[in-house]
Each structure stands twice: as structure tokens, then as C-alpha cells.
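For reference, the structure discussed in these notes is given below.
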């Protein structure tokens, strides 16, 4: 467990590995950050491209007295940082953004918004579920106070692993845990420990899962995030170029590779996303995900609500041959 913390501190450029708290997933990490720090009358700013792991806890907290502002993104999922700054008010306490959209792969301007958050002395929470291991993250340079990540995506760990990086600007004693219980430390006291990471890690840890996560992190560090990104972008470019040429297929999100990760959404003009995805799997053995992807706000932004889109998610283990097969399958279905 200690080795996994140390490896993550290298990956995310965290000075003190004890400030990395293990959770079950990014959803739990986000809930810990939001519910641990926000209080009634606090104002929070987020974007219209967020996953329900952000939106649902924020809507719940809205009922309990926080004020929420959702900054609209453009139709390709991009966000103007200046629009975020315009929404800041005297009671603003936190800005929450995903690093990249889980629907169309659009990268949001995290570094620029991080500078804005620091300028106004606001907490900055980043949902890195889609980027941890697939895109360079430096919590210092990006001015990220809270980084939520999951282990089972581009860190190549098992399900049920994730974590929250709690930056040095956060006073952990003023952050409420989601749960209390045994930590294996300070057992003589019936009060929860007030130090990291124990304050937020009650109960028997998922040691086996974290060992698997460590193996995935070592793979990422060994190959290098930049190399992984380069490989994924090469495949993404081939996929975009191939799908663009197919009649009756609409692509979503930016075509510029610098503005995206290897998550891509499209639709058949003559088929629903569910029917298109069913045929891809049934006829060609190609797995994808149709629908709203737990991100209805994002689909409203894209104009694809309520049916959603078909999503392909590429990784370091996909091949050019698989890309060619996917393009061919989409072409045949679209006829």
C-alpha cells in the first residue's frame, strides 16, 4: 500500500505521499472532497460537461444550502476559462472540473482554471477519472488542490480502486470524513485520527486491489505517460479520419488531437445509439457503450440528449488492426 502511494506521488508530482488517500473509485473521492469541505451558503462553480459523480453530490448539497453555478461549455465540449472567472462571487469556495470528458474526450483547460482558482484563493477539485495514466498531471503546476482518480481505467488496476490527492492548501482537520472506524492507528482512542492518510481510510483496506493497482501504475511509469498518450493519439487520429469518411455517421468533440484524449463518440443518422452498439457487438464482436454515459448534462451540451451517443474508448493495448476493423464495421452498418 505504501509502495502504491509512492508510485502515485511520482505519477502526479505529489511531494508528500501521505496526502494520497485510497478510496473505492473516483466517485467516492469526489464525494469525500465535496461533502468533506463544503458547507451551507458556500458557492461552487462547475461545468456543463460533468459526470453524474460530480453533478449528483452537488445537487444533493444544493438541497442542503450550497449555491451552484454551472458554466455552459461549447458544442464540442470545450470551455472558456474567462467564463469561469466571471461567475466567481464573494461566497465562492470551490471550482470543480473534469480533466477530460468521459463522453467525447474533450480536455478542459485545467491549468488555466487552476490559475484562476489560486488567484481568488479558491479550492480546485479535478475529476481525473479519464486522464490519470493517459495524460500528464502535475498537481503543482496545474494548481490542483484535490485530484480524484480511479484505478480501473488508464491506470490499468482492478475495479474497486481509486483515490484522492489532498493538496497542502487543504487543512485535513477541517475536512469531514465520509466514514469513521478502525484505522490500525491510535487504537487507544475512540476518536478518529486527525492525520493523513488515516483520517480518511477507515476499515480494512483493499490490499489485493491496491497491489493490482500498483502493478498498473508501474506499467504506466515504465512506458511513460507521454509515450502512452502518443500511441493513443495515433490510433485516435486514424479512427477519426476513418469515421469522418463514412456517410450517415456524425462525430462529436474536437478533431484537434491536442484538445482531446482517446475517448470518441459518434452516432449513426439512421440508427439509435442502442441499436448501433448492439449491431457492432452482435455482428462484429466490437464492444462499445451507447447511451448517456452517466453524463446527461454533457449530452444536453452536445445536443444528444436523451438518446446519447455510441462511445469508443481506446487504450495503450489497442492496435491499428482493431481500428481498421472498427472503421470497417461502422461503414458496413451505416449502409
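Bear in mind that the values in this text are calculations on the coordinates, not laboratory data. Because the structure is predicted, anything quoted here is derived from the model rather than measured. Cβ placement follows ideal geometry from the backbone for every residue including glycine, while neighbour counts extend to all protein chains displayed.
Indicate the gyration tensor shape class of the stretch 20-91 (rounded, prolate or oblate), computed on the Cα atoms with a ≥ b ≥ c the square roots of the eigenvalues: a/c under 1.5 is rounded; otherwise a/b larger than b/c is prolate and the rest oblate.
oblate
Counting other beta carbons within 10 Å of each Cβ, put 8, 235 in order, fewest first. Numbers along the way, then the final one.
Values: 8 24, 235 20.
Listing 8, 235 from fewest to most nearby Cβ atoms yields 235, 8.
Legend: calculated FRET efficiency, residue 208 to residue 87, from the Cβ-Cβ distance at R0 = 51 Å, rounded to 0.05, equals 0.70. Separation of the stretch 118-151 and the stretch 41-111, taken as the distance between their Cα centroids, equals 14 angstrom. Going by alpha carbons, how many degrees (0 to 90, nearest 10) lie between the helix axis of 207-223 and the longest principal axis of the chain? The helix 207-223 is inclined about 60 degrees to the chain.
The long axis of helix 110-119 is offset from the longest Cα principal axis of the chain by roughly 30 degrees. FRET efficiency for the residue 168 to residue 317 pair, using the beta carbon distance and R₀ = 41 Å, is estimated at 0.70.
Starting from the Cα-Cα distance between residue 294 and residue 250, subtract it from 0.36 nm times their residue separation and give me the gain in nm to one decimal. Each step should come with its number before you reach the end.
Details: separation 44, 0.36 × 44 = 15.84 nm, distance 2.07 nm.
Here the segment from residue 294 to residue 250 would lengthen by 13.8 nm.
Relative contact order for the stretch 225-334 using alpha-carbon pairs under 8 Å, separation at least 6, rounded to a whole percent? This gives 32 percent for the stretch 225-334. Once the Cα atoms of helix 320-334 and of the chain are each reduced to a long axis, what angle between those two axes, in degrees from 0 to 90 to the nearest 10, is obtained? Once rounded, the angle reads 60 degrees. Exposure proxy ranking for 145, 138, 76, based on other Cβ atoms within 10 angstrom of each Cβ and starting from the fewest, stands as 138, 76, 145.
Note down, for the stretch 274-335, the three equivalent ellipsoid semi-axes (square root of 5 times each alpha carbon gyration tensor eigenvalue), biggest first, whole angstrom.
Working: eigenvalues 103, 42, 18 Å².
Semi-axis lengths for the stretch 274-335 are 23, 14, 9 Å.
Taking the helices alone, the chain has a mean residue ellipticity at 222 nm of -11500 deg cm²/dmol, built from -39,500 (n - 2.57) per DSSP H run of at least 4 residues and averaged over all its residues.
Restricted to Cα atoms, the stretch 225-334 shows a radius of gyration and a Dmax of 13.4, 38 angstrom.
Please state, rounded to one decimal and in Å, the Kirkwood hydrodynamic radius that the stretch 41-196 gives when every pair of distinct Cα atoms enters the mean of 1/r.
Working: mean 1/r = 0.0597 Å⁻¹.
The Cα-based Kirkwood calculation yields 16.7 Å.
Projecting label points 7 angstrom from Cα along Cα→Cβ for residue 234 and residue 120 puts them 4.3 nm apart.
Would you mind ranking 150, 92, 319, 69 so that the residue whose beta carbon has the fewest other beta carbons within 10 Å leads the list?
Details: 150 28, 92 19, 319 9, 69 16.
Ascending Cβ contact count within 10 Å gives the list 319, 69, 92, 150.
Please give the FRET efficiency for residue 180 paired with residue 10, using the beta carbon to beta carbon distance and R0 = 45 Å, rounded to the nearest 0.05.
Values: r = 30 Å, r/R0 = 0.68.
Efficiency, rounded to the nearest 0.05: 0.90.
One quarter of the convex hull surface built on the alpha carbon atoms of the stretch 1-132 amounts to 8.1 nm², the projected area averaged over directions.
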